[in-house]
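To keep things clear, I will list the structure first and then write my remarks on it.
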Amino acid sequence: MCDCLVCSRIEQIRRGENPYFVEELSTGYVVLGDYQRFPGYTLFLCKEHASELHHLDREFRNRFLDEMSLTAEAVYRAFQPEKLNYELLGKGNAVHMHWHLFPRKTGDVPGGGPVWRLPSEEMYDEKYRLTTEELENRKRKLRTELHRLMREAGILNAR
Ligand SMILES: [Zn+2]
């Protein structure tokens with residue numbers, strides 16, 4: 001059994017048990033971050049358990065990057081940040097590619113810099129977990145923008 005956190009989140013989605021799940025694209029899954037210290041923080045989880053972009057088949061990789069950008073645009077439209085931050089991180093056991101898409105605005109991190117400057121007690125403070133209603137609203141907002149873009153790109157099938 002795989003002990004990868006991203007694989008286990010994907011398994012949850014497939015069982016219909018992941019409350020953060022927003023949408024499935026051909027190369028990955030869109031989910032909201034568990035903690036919303038940055039309102040609209042979204043992740044795009046790769047369907048392949050792969051650690052590097054160059055490990056992906058070229059055609060899949062191009063589609064994966066394209067769908068990540070589409071997801072990012074939907075986040076931008078839904079949550080209207082000053083700027084998006086895109087991050088593909090990982091080491092140790094956390095190597096399964098997952099994009100972090102952070103909506104940013106001036107002053108959201110004291111002293112500036114990447115979101116990870118914040119201490120983890122702040123990033124993962126329980127007050128940044130959404131209520132069921134807030135979570136549903138935020139997911140609906142993102143899904144609406146995503147579907148609009150997917151329709152424009154001709155990749156929203158028979159809905
Ligand atoms: Zn994995």
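Derivation of every value follows stated rules applied to the coordinates shown; laboratory data play no part. Everything numeric here is computed off the predicted structure, so don't read it as measured data. Every residue, glycine as well, gets a Cβ built from its backbone with ideal geometry; the counts of neighbours run over all protein chains shown.
Computed over segment 5-152, the P(r) tail beyond 25 angstrom holds 26 percent of alpha carbon pairs.
For segment 1-85, the equivalent ellipsoid derived from the Cα gyration tensor has semi-axes of 21, 18, 11 Å, listed largest first.
Close amide H partners of VAL22, meaning residues 5 or more places away or on another chain with modelled amide H under 5 Å apart, are VAL30, VAL31, LEU32. Here r is the Cβ-Cβ distance between ALA94 and GLN12 and R0 is 25 Å; the resulting FRET efficiency, rounded to 0.05, is 0.90.
With Cα atoms defining each centre, segment 43-105 and segment 1-37 are spaced 13 Å apart in the structure.
Evaluated at q = 0.21 Å⁻¹, the base-10 log of the normalised Debye intensity for segment 94-133, with identical point scatterers placed on the Cα atoms, takes the values -0.90.
Estimated from helical segments only, the mean residue ellipticity of the chain at 222 nm is -11500 deg cm²/dmol, where each DSSP H run of four or more residues counts as -39500 (n - 2.57). In a simple Cβ point-charge model (Lys, Arg +1; Asp, Glu -1; nothing else charged), the chain has a dipole of about 380 debye relative to its Cα centre.
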